[in-house]
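Undergrad: One structure follows; several queries about it will come next.
Each value in this text was obtained by applying a stated rule to the coordinates, not by laboratory testing. No experiment lies behind these values; they were computed from the predicted model shown. Here the Cβ positions follow ideal geometry from the backbone for every residue, glycine too, while neighbour counts run over all protein chains shown.
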Amino acid sequence: MRAPRDRSMLAWQLALGAAMLAAWEGGVRAGVFDKFFFSRPSDIASRVAQLFAAGTIWVHLATTLIEAILSFLIGVTLGVAAGFLLARRRFLADLFDPYLRVANSLPRVVLAPIFLLWFGLGIWSKVALGVTVVFFIVFFNTFQGVREVDPVILNNARMLGASEKQLIRHVLIPSALTWIFSSLHISIGFAIIAVVVGEYLGAAKGIGYMISQAEGVFDTTGVFAGMTILAVVVLAVGSLVGNLERRLLRWKPAHSNTREGVS
Amino acid sequence: MPSDIAVRLSGVSKSFPGYTAVSAISLDVPAGKFLSVVGPSGCGKTTLLNMAAGLMPPSEGSIEIFGAPLSGINRRAGYMFQQDSLLPWKTVRDNITLGLQFRGIAPNESAEQAENWIRRVGLDHFSHHYPHQLSGGMRKRVAMAQTWIVDPDIVFMDEPFAALDVHTRLRMETEILNLWAETSKTVMFVTHDLEEAIALSDEVAVLSAGPASRIIGVYPVDLSRPRNLIDIKTDPRFLDLYRTIWTDLKQEVLKSYARTS
């Protein structure tokens, strides 16, 4: 996910993007693709610009971001806390194991209707959906991270006189951070997906709502504009997490800085 | 009651599911002495050390530290591990002062001691480096300072230099001897290298081949100190001792070969 250091590679990547956009634009103009279903990059770009210029986008963007951030924060807090607790208390881990598996095997989207009933059309039904997604990713990674602490490092700290509290702060948390961060990359993206799905299914504000409104009137350009804005937001948030990670994990050898795809 | 025996193992055994690592070990480590435990690989040397350090309880028998029964972590001991044991997320300086930090000493109070130790182990220019940026020898020096800075009465060392090249190892051994000579610490040193054991120690305890290893003998090493580790290996007395102990150790090494092949 890091920016390639190689400048010529960046040029190639930009060229590929430009070529794809040009093919899309040209294809629609030449009548190869149907404009009704595929819109055009130039139309989408001007729609995005228009949304920002008119200012109508802000309330939707803010709603979606607030929902995503809330579900992210709540999900991470609960996930890290539960991960630590269960990793340190074998009895609890064994006790909860089957139930966590069952809960995690449930496709989260099916929870959206029930959350809508419970929490209404406002932001909390979306936050609840986001939390269920974020929680499990962070929980499993934290659990694993705490369990996989190098026993030699743990013993060394104990011999140097660390109390249980100091062990958690100086050994377990930093050691689990690698795992937690790899889960943050994934979970921030999933948090946004979850709240957008929630908005799509029933809301009065948010990017998901905007997209579903556009879809309702067969406004393909509007749907693509919503998608574009979402993609940029997810990338921006992801790079923020990446920066934070690089700062907090600067003790790591550069080549193993990211461990992704664990969930 | 003060005792001149730093570590006393009485009839200590340790069993794991399916096998017994060490069996009925009785061994005294006199206070202020440097005692090495040698034995073929897999004979439970590390298990012995971990029990004396309080990291695992013995299955049978008892352990006394300066006359007091040991329960939980041995608070009077430091431990240099065979594997890398530094905290990878802490700089050299923070690793060295870790024990002080755990004792609630504020960083500004431990600063002088930290400087002192960083200089002593020759890492002046590396105090803000992270362990992965250091060589194996440098990491061992950090571990040494980390263990020594809290001034434990006993230091356990589990083949701390096994992973180092011969020359670095010789330097580290010399540094350990110098450090030890300046203090009155008790050292219990585990190695499979008999030359290293004799060169460093006051006493060498030989363990039999595992499983269920026991102590075969404890040999006093009467070489004078300070010792020159470069020349000592050709000293006639050293060679005598080596031959004597090796005669016993050899049987065990051969047994251990036979069992593992």
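Undergrad: Whole number please: convex hull volume per residue of the Cα set in chain B, in Å³?
TA: Expressed per residue, the convex hull around the Cα atoms of chain B is 141 Å³.
Undergrad: How far, in degrees from 0 to 90, does helix A:7-29 lean away from the longest principal axis of the Cα atoms of chain A, to the nearest 10?
TA: Result, in degrees: 40.
Undergrad: Please report, in whole Å³, the volume per residue of the convex hull around the C-alpha atoms of segment B:116-170.
TA: Taking the convex hull of the Cα positions in segment B:116-170, it is 95 Å³ per residue.
Undergrad: Another question, then. Taking every DSSP beta bridge with both residues inside chain B, roughly what % is antiparallel (nearest 5)? Walk me through the numbers before you get to the answer.
TA: Working: 20 of 39 bridges.
Rounded to the nearest five, the antiparallel share is 50 percent.
Undergrad: Ok, one more. Using the charge dipole of segment B:98-169 (Lys, Arg: +1 at Cβ; Asp, Glu: -1 at Cβ; taken about the Cα centre), state which of B:108, B:148, B:136 has its Cα farthest towards the positive end.
TA: Value computed over the given set: B:136.
Undergrad: For residue B:116 and residue B:24, what does the FRET efficiency come to when R0 = 60 Å and r is the distance between their Cβ atoms, rounded to the nearest 0.05? Don't skip to the end; give the middle numbers.
TA: Details: r = 44 Å, r/R0 = 0.73.
Result of the calculation: an efficiency of 0.85.
Undergrad: Report, to two decimal places, the Cα Rg of segment A:40-256 normalised by 2.2 N^0.38 Å (N = number of residues).
TA: Working: Rg = 20.4 Å, N = 217, 2.2 N^0.38 = 17.0 Å.
For segment A:40-256, the normalised Cα radius of gyration comes out at 1.20.
Undergrad: From the mean inverse distance of alpha carbon pairs (Kirkwood) and the Cα radius of gyration, derive Rg over Rh for the protein assembly as shown.
TA: Taking Rh as the inverse mean 1/r over Cα pairs, Rg/Rh reads 1.14.
Undergrad: Moving on to the next point. Under the definition of Cα pairs under 8 Å and six or more residues apart, what whole-number percent is the relative contact order of segment B:86-151? It would help to have the intermediate numbers written out before the result.
TA: On the way: 66 pairs, mean separation 34.9, N = 66.
Across segment B:86-151, relative contact order equals 53 percent.
Undergrad: Give, in whole angstrom and from largest to smallest, the semi-axes √(5λ) of the equivalent ellipsoid of segment A:156-233, with λ running over the eigenvalues of the Cα gyration tensor.
TA: Gyration-tensor ellipsoid for segment A:156-233: 46, 11, 6 Å.
Undergrad: Here is a follow-up. Straight-line reach only, C-alpha to C-alpha below 29 angstrom: list the lysines that residue B:45 could link to, leaving out same-chain residues fewer than 8 apart.
TA: Partners found: B:14, B:33, B:140, B:185, B:233, B:250, B:255.
Undergrad: A further question on this structure: What is the average number of partner chain Cβ atoms found within 10 Å of a Cβ in B:79-87?
TA: On the way: counts 6, 2, 5, 1, 6, 4, 10, 3, 10.
Shielding by partners across B:79-87 averages 5.
Undergrad: So what's the net charge close to residue B:213: Lys and Arg +1, Asp and Glu -1, counting the other residues with Cβ under 11 Å from its Cβ?
TA: Result for the neighbourhood of residue B:213: +3.
Undergrad: Tell me, B:182, B:64 in order of fewest to most beta-carbon neighbours within 10 Å?
TA: If I rank by nearby Cβ atoms, fewest first, I get B:182, B:64.
Undergrad: Give me B:183, B:174, A:64, A:178 ranked fewest to most by other Cβ atoms within 10 Å of their Cβ, as a rough exposure proxy.
TA: Taking fewest neighbouring Cβ atoms as first place, the list is B:183, B:174, A:178, A:64.
Undergrad: Follow-up question, since we're still on this one. Give me A:12, B:117 sorted ascending by neighbouring Cβ count inside 10 Å, so fewest comes first.
TA: By the 10 Å Cβ count, ascending, the order reads A:12, B:117.
Undergrad: Scaled to the compact-protein estimate 2.2 N^0.38 Å, what is the alpha-carbon radius of gyration of segment B:74-146, rounded to two decimal places?
TA: On the way: Rg = 11.6 Å, N = 73, 2.2 N^0.38 = 11.2 Å.
So the Cα radius of gyration is 1.03 times the expected 2.2 N^0.38 Å.
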